[in-house]
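One structure below.
The values are calculated or read from the model by the stated rules, or taken from the named source; none is laboratory data. Here the structure is a predicted model, which is why all the values come from computation and not from measurement. For neighbour counting, all protein chains shown are included, and Cβ atoms are generated from backbone atoms with ideal geometry for every residue, glycine included.
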Amino acid sequence: MSVVEVKGVSKTFGRGGTVALQGIDLEIEAGEFVSLIGPSGCGKSTLLRIIGDLVKPSGGQIVVNGKSAHQARLDRDYGIVFQDPVLYDWRTVAKNIALPLEMLGWNRRKRAKRVQELMHLVELSGFDTHHPWQLSGGMQQRVSIARALSFSPALLLMDEPFGALDEMTRERMNMELLRIWQETGSTVVFVTHSIAEAVFLSTRAVVMSSRPGRIAEIVRIDLPQPRTAETREEPRYFELVTAVREALARTGADEIIEELVAGGEL
Amino acid sequence: MTAPTAVEPIPRGALARGVGRRVGDWLPALLVFAAGIAAWQWIFSPLAGRFLLPKPSAIGTALWDNRHVLWTAGWFTFKEAVGGFVIGSGAGIAAALVLARWRRLGGAVMPYAIAANAVPIIAFAPIMNAWFGVLNPHSKMAIAAVLCFFPVLVNTLRGLTSVRPESLELMRSYAASEVDVFRRVRIPSALPFLFTGLKVATVLAMIGAIVGDYFGGSIQALGVQIENSISLFDFPLGWAAIVVASAFGLAFYVAIGIAERLATAWHPSHARRTE
């Protein structure tokens, strides 16, 4: 069963302005880990926000869990993680994680129990009463992930969640995310601009081109599960990294040709 | 997983210990204060003449001799100031909430609020006296309230509307109601801004109440006491009344400062990193 269906979606910003997305068709099955990768300005974050009904598409249709994206948002069918952890400084770590549960009307005891489970899941046990600014960037992002998972949504939308982290922390967070993905069995849509990250994490990498944002190619990542640190050393991993890089390069080539045409050189 | 590094939360009693540790830091300021009083007592006051600039010792004597009258007068005017502060700040906060909720209205109204903020509103003092009665404390409250209104409005509104877009997107992803967005995001993140406005307002409220008294008021009011002593050439008493006014103003400011610490105890600026 597909969790997300994107049919002919387009998005234009402003009055007759920039075309951010054009003719996007994408189906995401339950349990998939799909990365959206592409040059900046290809509309990958916009596409993610359209799936989450945070941005309205200019055309086309979105179905999430068999209903409209709008209804899915109202039903709290997805959890979202941004590049910035977006934690509230006035809340402790535990209360930040419990925020969606409070809004869903869970009682205090149920909330506390769930928060403990999640703190354990993201390996932050013992940090309940800390405030977000007392944590490192990687720890803050783990709180943000725990918050997104708190109400067990079947769909997780992630917008470059590890983009601001250093390489070491990012690789560790990738491992943790895979572990969480496998433990929870959720479907993940993951925006990134890192080829290595997209290949290592995904079951499919959706390569997008810019101006206008379009799906250029979809690379199936057939690396065996579960993935480990050794996965990054397998020949197949390098082949897939090369495949995604070349797909991206082809979108870049288009761009260069367009610019040459515009410049009157071709 | 590496050992997590984190900053400890402030333990209880840390505030008191912090103050204790910083007594040494205050020494230079105390020395400057003592030197200033000494220079006033033995240099400036003799130069200016005791009428125009009474010695601190004379002011101290006047303060002690008239302590009951001055305390009563100070308390009377302080109540005027607090009343005006509550009304003006309350209205400012309410207006900020309305303008933050209906942004288009805010866009239409704010230029005037900002312009009004630059008007020397104290000039309206005689008009307020005329409206509400010279002897009625309500006229002084009205002046204080009008003075408090704009800084509180402008600061609170800035706080309510300077929420990061992702914070709002997150609330939207939870299908949060407008009330939820205000209660859980906008209002908490506006608190530091609100208190900045309130602290300015404490000072303005005292100014409003005292200046209102200058244009006529109850004989019990501090501003009237200052006026009368000066016109009777009792300068030490006038200065003593000013000392009382300053003390009440300072206490008011500190009280709001403490309320701020309590309300925004979570704020990073209030904790000292222990790493």
- Could you please let me know if residue B:125 is more than 17 Å from residue B:95 (Cβ to Cβ), in a helix (DSSP H, G or I) and not charged (D, E, K, R)? yes
- Return the total of residues in the stretch B:144-165 being touching an Asp or Glu at 6+ places or on another chain (Cβ under 9 Å) and either buried (at least 16 other Cβ atoms within 10 Å of the Cβ) or more than 30 Å from residue A:85 (Cα to Cα) (or both). 1
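Residue A:246 - would you say it is charged (D, E, K, R) and out of contact with any helix residue (DSSP H, G or I) (no Cβ under 9 Å at 6 or more places or on another chain)? First the steps, then the outcome.
On the way: charged (D, E, K, R): yes; out of contact with any helix residue (DSSP H, G or I) (no Cβ under 9 Å at 6 or more places or on another chain): yes.
Criteria met by residue A:246.
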- Query: So, of the residues in the stretch A:14-46 that are exposed (fewer than 14 other Cβ atoms within 10 Å of the Cβ) and charged (D, E, K, R), which turns out to be farthest from residue A:190 (Cα to Cα)?
  - Reply: A:15
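Just to verify a result, which residue in the stretch B:219-236, among those that are closer than 13 Å to residue B:72 by Cα and surrounded by fewer than 19 Cβ atoms within 10 Å (Cβ to Cβ), is nearest to the chain's Cα centre (by Cα)? Break it down into steps so the answer makes sense when it comes.
The initial filter retains those residues of the stretch B:219-236 that are closer than 13 Å to residue B:72 by Cα, namely B:219-225.
From what is left, the residues that are surrounded by fewer than 19 Cβ atoms within 10 Å (Cβ to Cβ) are B:219-220.
Values: B:219: 25, B:220: 23 Å.
The selected residue is B:220.
Per-residue answers, yes or no, for (1) within 23 Å of residue A:64 (Cα to Cα); (2) at pLDDT below 85:
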residue	(1), (2)
A:169	no, yes
A:179	no, no
A:190	yes, no
A:245	no, no
A:251	no, yes
- Top-ranked residue in the stretch A:47-73 [being more than 19 Å from the chain's Cα centre (by Cα) and within 19 Å of residue A:187 (Cα to Cα); ranked as farthest from the other protein chains (Cβ to nearest Cβ)]: A:66
- Condition check for residue B:198: closer than 25 Å to residue B:264 by Cα, touching a residue at least 60 places away in the same chain (Cβ under 8 Å) and touching a Phe, Trp or Tyr at 6+ places or on another chain (Cβ under 9 Å): yes
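Only one of A:64, A:19 is closer than 23 Å to residue A:248 by Cβ, touching a Phe, Trp or Tyr at 6+ places or on another chain (Cβ under 9 Å) and aliphatic (A, V, I, L, M). Can you tell me which? Walk me through how you get there before you give the answer.
Working: A:64 fails: closer than 23 Å to residue A:248 by Cβ.
From the options A:64, A:19, the qualifying one is A:19.
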- Does residue A:31 qualify as being more than 19 Å from residue B:173 (Cβ to Cβ) and either within 11 Å of another protein chain (Cβ to nearest Cβ) or in a loop (DSSP other than H, G, I, E, B) (or both)? yes
- Is it the case that the stretch A:74-87 has a residue that's buried (at least 21 other Cβ atoms within 10 Å of the Cβ) and more than 13 Å from chain B (Cβ to nearest Cβ)? no
- Query: Could you list, in sequence order, the residues of the stretch B:134-162 that are modelled with pLDDT under 90 and either aromatic (Phe, Trp, Tyr) or in a loop (DSSP other than H, G, I, E, B) (or both)?
  - Reply: B:134, B:135, B:136, B:162
- Scanning the stretch A:39-71 residue by residue, those among the β-branched types (Val, Ile, Thr) and outside any helix (DSSP H, G or I) turn out to be A:55, A:62, A:63, A:64
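Let's see how each residue does on (1) within 20 Å of residue B:86 (Cβ to Cβ); (2) out of contact with any strand residue (DSSP E or B) (no Cβ under 7 Å at 6 or more places or on another chain); (3) surrounded by 17 or more Cβ atoms within 10 Å (Cβ to Cβ); (4) of a type outside the set (Val, Ile, Thr):
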site: B:178; (1), (2), (3), (4): no, yes, no, yes
site: B:184; (1), (2), (3), (4): no, yes, yes, yes
site: B:205; (1), (2), (3), (4): yes, yes, yes, yes
site: B:213; (1), (2), (3), (4): yes, yes, yes, yes
site: B:252; (1), (2), (3), (4): yes, yes, yes, yes
- Can you tell which of A:96, A:107 is more than 14 Å from chain B (Cβ to nearest Cβ) and not basic (Lys, Arg)? A:107
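Conditions (1) within 10 Å of another protein chain (Cβ to nearest Cβ); (2) in contact with a helix residue (DSSP H, G or I) (Cβ under 9 Å, 6 or more places away or on another chain); (3) of a type in the set (S, T, N, Q), marked per residue:
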residue	(1), (2), (3)
A:92	yes, yes, yes
A:100	yes, yes, no
A:116	no, yes, yes
A:129	yes, yes, yes
A:132	yes, yes, no
A:137	no, yes, no
A:148	yes, yes, no
A:151	yes, yes, no
- From the list A:100, A:132, which one is in contact (Cβ under 8 Å) with a residue 12 or more places away in the chain and over 18 Å from residue B:181 (Cα atoms)? A:132
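Hey, any hits in the stretch A:153-162 for a residue that's more than 10 Å from every other protein chain (Cβ to nearest Cβ) and either in a helix (DSSP H, G or I) or free of Cβ contacts under 8 Å to residues at least 24 places away in the same chain (or both)?
Within the stretch A:153-162, the first condition is being more than 10 Å from every other protein chain (Cβ to nearest Cβ), and the residues that meet it are A:154-156, A:158, A:160-162.
Keeping just the survivors that are either in a helix (DSSP H, G or I) or free of Cβ contacts under 8 Å to residues at least 24 places away in the same chain (or both) gives none.
No, because not a single residue in the stretch A:153-162 is more than 10 Å from every other protein chain (Cβ to nearest Cβ) and either in a helix (DSSP H, G or I) or free of Cβ contacts under 8 Å to residues at least 24 places away in the same chain (or both).
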- Note on the structure: So the helices (runs of 4 or more DSSP H) completely within the stretch B:170-275 holding 2 or more residues that are farther than 21 Å from residue B:147 by Cα and more than 14 Å from chain A (Cβ to nearest Cβ) are B:222-231, B:235-263
- Note on the structure: Within the stretch B:117-129, the count of residues that are surrounded by 13 or more Cβ atoms within 10 Å (Cβ to Cβ) and out of contact with any helix residue (DSSP H, G or I) (no Cβ under 6 Å at 6 or more places or on another chain) comes to 3
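Whether any residue in the stretch B:237-246 is loosely packed, with under 15 Cβ neighbours inside 10 Å and either touching a strand residue (DSSP E or B) at 6+ places or on another chain (Cβ under 6 Å) or among the aliphatic types (A, V, I, L, M) (or both) is what I want to check.
Here is the first cut: in the stretch B:237-246, the residues loosely packed, with under 15 Cβ neighbours inside 10 Å are B:246.
With the extra rule that they be either touching a strand residue (DSSP E or B) at 6+ places or on another chain (Cβ under 6 Å) or among the aliphatic types (A, V, I, L, M) (or both), the set shrinks to none.
Within the stretch B:237-246, none of the residues are loosely packed, with under 15 Cβ neighbours inside 10 Å and either touching a strand residue (DSSP E or B) at 6+ places or on another chain (Cβ under 6 Å) or among the aliphatic types (A, V, I, L, M) (or both).
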